[in-house]
Structures are given as structure tokens and as C-alpha cells.
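Visitor: Structure in C-alpha cells, see below.
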Amino acid sequence: MILIAGLVIFVACKNRGLKKETEKTEDKMEIVKEPFGIAPDGQEIDLFTLTNSNGMVAKITNFGGIVTSLLVPDKDGNMEDVVLGFDSLQPYLEEHPYFGALVGRYGNRIAKGKFTLNGIEYTLAVNNGENHLHGGLVGFDKVVWSAEPFQGDDRRGVILTCVSQDMEEGYPGNLTVKVTYSLTDQDEFTIVYEAVTDKVCPVNLTHHSYFNLTAGKSDILDHEMMINADRFVVVDEGLIPTGELRGVDGSAMDFLSPHSIGSRIDQVSGGYDHTYVLNEGDDEMVLAARVIEPVSGRIMEVYTTEPGVQFYTGNFLDGSLTGKNSVVYSKHYGFCLETQHFPDSPNQPEFPTTILSPGETYTHSTIYRFSTNQ
Ligand code: GLA
């Protein structure tokens, strides 16, 4: 039961034989917890539905910390789902490209799954060609997290925790991770990541929602994108950094002023799948990107404390997966803005460090803020 001031209602869902717990406060903020299925190891998985005072909805499961739905108003107030994903647990247990997932220990790639720390070479699980991607074979996107809902004055959310064991996927140190998802009454979906370790290790946590602000009516190529970055991380064919941070300088990589995603994508081999080096501002949180979908009028802004954002245009979606509302996920049907440190940082001494030591706390905050242009 959710122990928060307010009226707590238990609803028996007769048609599914499932127990649903609803948290309702006087001003109709809501957190609903319901069963979402059973994980392969027999653990019961939950789905949390958060609703804000404007009717915006976020659905989160403790399997992989996955955001399964985000209902956001268009310019006429129609609430529609702007993230790709599934409406049941089973497809999330199978192969999928990190839809909505909480990614760790290391979001993005580590070359050949190897790095050296204090003279010791570590070998990670290799799951992307010869490289390590998004935490390995069983990354945080496949972990069953402990989940606690909470309610604050202008927000409600879920706190997810897990302990990644020493040498899991090859990483040293027991890493204790806490991720707080919140939906605020300012129409923000916020993520705060924290982690502590008992051995020196790399950490780079991120979130992998695929956004489609048309709510799946078309692909994302007409979305207008602004990315607040003068430079991007140059990568080789395996998407491993060469070490060069190159100026965008009016090229197809330049989103300093807004451009539709599709206008120059043909000039970028494979499509956009690059880390942008965010321009620093005076505040701890910088505006990383602003996306406008012209037909619905939806706007999404991303703010972060991280030095980079991976802009990925769903280049590997190929129509083989069908998601919620029977939408077929074809190429470029969603884009990701994954706030993070740069790929392969443990092997790139010039990049901002991703190394966490005992006694330190890893922290990272990101806000996805929604509005409309009317
Ligand atoms: C990240 C990577 C992409 C791809 C997707 C998952 O965004 O940068 O290359 O691996 O995850 O399909």
C-alpha cells in the first residue's frame, strides 16, 4: 500500500483478476500501481501510472525501469502517447532496442569491451559487434528494480533502486543505484540518477525513450530539432570515438538553429547516432535540445547536468516490431535524446571522466519538459 497522505483506494479489477492500488489526493493527483506480469525469474512486475494536475500521464514499470507510455497534450489539448513501446510485459522480455529503458552501468559503447583502471585490465560482456553497449548482455534495462512510489507538493513519482554486484557484466565494484522518476505539474518528466560504489568503476547512466511527438501518426523526419552544441564526438564505423571533437560548423550535424531532422539526414552515413558536446551555460542544468512537431504543436525541451546528449534517429528500426496501438516501428519512427557522458570515456583520457570512486556519489539530472506552440 502506498503510505502517503491522501485517500487510498483499492480496486479489484474483476476482468483481469488483478489487484490495483490507487492513490488519490484531494486535487486528483494520482499514482496507480498494478501488476504488469511475471519476470523470467518469477518476480512479480508492477506498472505505475502517474497523472499530473493537467492530466498528463507517465507509465513506468520496475522491469528495466522502462517508461512504457507518456501521454502529452497537443495544441488542442488531446492527450496522446509520445513514446514508443509495448502495452504488455512480454515484448519487453524479448529482444527490443532499449525502448524506454533505464540504461547502465554504461550507456553507449566501450571499445572492444575493455578498459584499464589502476593498472588492472577489465573485460566486459561484448554485445554490439566487438564492442560493449548499454551495460552488456543483462544491462539495467533487464534488471527488476525495487520500486517505491512517492508524492510531493507539485510532483509524484517512483524511486527505483538496485545493487549491481561486483563483476556483473565484468564491471568492478558493488554499485548501489537510485533513480527517481517524477512527473511534475509543470508538465516535466524528470529523472535523477544517483550511484555509489565500493570499488573504482566507470558509470554512465541514461534513459532511452524513443520519442515521436506525432504520437505514431508518421515518422520523426519532420520534427524540428535544435541541439545546443557547437561540437560532436566523431566516431568510426563501429560508432567508437576517434577522440576528435569536431565543430558542427554549418554541416548536416549542425542543429544550433532548428532544422527538420530529415532535411539533411541523407548526408549522415546511417543517420544520426552521435553524441553532441553540449555548450555550457551559467546554470548547472543546460538546455540540451528543443524539438517541435509542427502538426500537433507539441514541443519537448531537454535539460541536463550531463556534458553530452546522444541524438539517435531510430536508424536500426526496420518494421519488425509492432508496438502500442498497432503502430509498426519502421526506420526513423522515433528519436532518442540520451543525456550522458561521451562514449568510450574509460579509454579516452581527454574526455570528461566517468570514473566513480568509493566515497563519491554519481549524480545526473535530466528534465524532459513538454509544452505546445499555441
Ligand atoms: C543507442 C545507440 C544506437 C543503438 C541504439 C539501440 O542509441 O547509440 O547505435 O544501438 O542505442 O538500438
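Visitor: Within the range 68-79, take every residue that is farther than 20 Å from residue 154 by Cα and under 13 Å from the mean Cα position of the chain (by Cα) and give me the one that is surrounded by the fewest Cβ atoms within 10 Å (Cβ to Cβ).
Guide: This residue is 69.
Visitor: Only one of 99, 140 is within 21 Å of residue 57 (Cα to Cα), within 16 Å of the ligand (Cβ to nearest atom), under 22 Å from the mean Cα position of the chain (by Cα) and crowded, with 16+ Cβ neighbours inside 10 Å; which?
Guide: Residue meeting the stated conditions: 99.
Visitor: Select the strands (runs of 3 or more DSSP E) contained entirely in the range 112-212, then report the ones holding at least 2 residues which are in contact with a Gly (Cβ under 9 Å, 6 or more places away or on another chain).
Guide: Details: elements: 114-117, 120-123, 146-151, 155-164, 175-184, 188-197, 206-208.
Counting at least 2 such residues, we get 120-123, 146-151, 155-164, 175-184, 188-197, 206-208.
Visitor: Here are 293, 284: which of them is closer than 17 Å to residue 367 by Cβ and acidic (Asp, Glu)? Talk me through it step by step, then tell me what you get.
Guide: On the way: 293 fails: closer than 17 Å to residue 367 by Cβ.
Result: 284 is the single residue among 293, 284 that is closer than 17 Å to residue 367 by Cβ and acidic (Asp, Glu).
Visitor: If you don't mind, another one. All but one of (1) within 14 Å of the ligand (Cβ to nearest atom); (2) surrounded by fewer than 16 Cβ atoms within 10 Å (Cβ to Cβ) hold for residue 274; which doesn't?
Guide: If we test residue 274 against (1) within 14 Å of the ligand (Cβ to nearest atom); (2) surrounded by fewer than 16 Cβ atoms within 10 Å (Cβ to Cβ), just (2) comes out false.
Visitor: Let me ask something else. All but one of (1) of a type outside the set (S, T, N, Q); (2) crowded, with 16+ Cβ neighbours inside 10 Å; (3) in contact with a Ser or Thr (Cβ under 8 Å, 6 or more places away or on another chain) hold for residue 236; state the number of the condition that does not hold.
Guide: Every condition holds for residue 236 apart from (2).
Visitor: Can you list residue pairs whose Cβ atoms sit under 9 Å apart, with the first residue in the range 258-269 being loosely packed, with under 15 Cβ neighbours inside 10 Å and at pLDDT 95 or above and the second being small (Gly, Ala, Ser) and assigned to a helix (DSSP H, G or I)? Count only pairs 6 or more apart in sequence or on different chains.
Guide: The qualifying pairs do not exist here.
Table: residues versus (1) β-branched (Val, Ile, Thr); (2) modelled with pLDDT of 95 or more.
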position: 112; (1), (2): no, yes
position: 116; (1), (2): yes, yes
position: 129; (1), (2): no, yes
position: 153; (1), (2): no, no
position: 156; (1), (2): no, yes
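Visitor: Being modelled with pLDDT of 95 or more, among the polar types (S, T, N, Q) and crowded, with 18+ Cβ neighbours inside 10 Å narrows it down to one of 123, 184, so name that one.
Guide: Numbers: 123 fails: crowded, with 18+ Cβ neighbours inside 10 Å.
After ruling out the rest, the residue left standing is 184.
Visitor: Residue under question is residue 293, and the condition is that it be touching a strand residue (DSSP E or B) at 6+ places or on another chain (Cβ under 9 Å), surrounded by fewer than 19 Cβ atoms within 10 Å (Cβ to Cβ) and not polar (S, T, N, Q); does it hold? Before the answer, list the steps.
Guide: Numbers: touching a strand residue (DSSP E or B) at 6+ places or on another chain (Cβ under 9 Å): yes; surrounded by fewer than 19 Cβ atoms within 10 Å (Cβ to Cβ): no; not polar (S, T, N, Q): yes.
Taking the combined requirement at face value, the residue does not satisfy it.
Visitor: With the requirement that a residue be away from the ligand (no atom under 16 Å from the Cβ) and either at pLDDT 95 or above or among the hydrophobic types (A, V, I, L, M, F, W, C) (or both), what does the range 277-290 give you? Lay out the reasoning, then the answer.
Guide: Let us first name the residues in the range 277-290 that are away from the ligand (no atom under 16 Å from the Cβ), namely 278-287, 290.
Residues satisfying the conditions are 278, 279, 285, 286, 287, 290.
Visitor: Considering only residues that are away from the ligand (no atom under 13 Å from the Cβ), aliphatic (A, V, I, L, M) and crowded, with 24+ Cβ neighbours inside 10 Å, which ones fall in the range 80-96?
Guide: Quick first cut of the range 80-96, residues away from the ligand (no atom under 13 Å from the Cβ) only: 80-83, 85-94.
Next, from what is left, pick out any that are aliphatic (A, V, I, L, M): 82-83, 89, 93.
Listed by number, the residues that qualify are 82, 83.
Visitor: Same structure, new question: In the range 117-136, which residues are more than 14 Å from the ligand (Cβ to nearest atom) and within 13 Å of residue 170 (Cβ to Cβ)?
Guide: Listed by number, the residues that qualify are 117, 120, 121, 122, 123, 124, 125.
Visitor: Still on this structure, please answer the following. Looking at 248, 234, 192, which is the one that is within 15 Å of the ligand (Cβ to nearest atom) and among the aliphatic types (A, V, I, L, M)? Spell out how you get there, then give the answer.
Guide: Values: 248 fails: within 15 Å of the ligand (Cβ to nearest atom); 192 fails: within 15 Å of the ligand (Cβ to nearest atom).
Within the list 248, 234, 192, the selection yields 234.
Visitor: Which residues, taken from the range 221-272, are of a type in the set (Asp, Glu) and under 18 Å from residue 343 (Cα atoms)? Don't jump to the end; show me each part of the working.
Guide: Initial filter on the range 221-272 (of a type in the set (Asp, Glu)): 222, 224, 230, 236-237, 244, 249, 254, 266.
The answer is 230, 236, 237, 244.
Visitor: Hey, any hits in the range 302-321 for a residue that's without any contact (Cβ under 8 Å) to a residue 12 or more places away in the chain and either more than 14 Å from the ligand (Cβ to nearest atom) or closer than 25 Å to residue 75 by Cα (or both)? Reasoning before the result, please.
Guide: Taking the range 302-321 first, the residues without any contact (Cβ under 8 Å) to a residue 12 or more places away in the chain are 320.
Checking which are either more than 14 Å from the ligand (Cβ to nearest atom) or closer than 25 Å to residue 75 by Cα (or both) leaves us with none.
No, the range 302-321 contains no residue that is without any contact (Cβ under 8 Å) to a residue 12 or more places away in the chain and either more than 14 Å from the ligand (Cβ to nearest atom) or closer than 25 Å to residue 75 by Cα (or both).
The values are calculated or read from the model by the stated rules, or taken from the named source; none is laboratory data. Here the structure is a predicted model, which is why all the values come from computation and not from measurement. In this analysis, Cβ positions are derived from the backbone assuming ideal geometry, glycine residues included, and neighbour counts consider all displayed protein chains.
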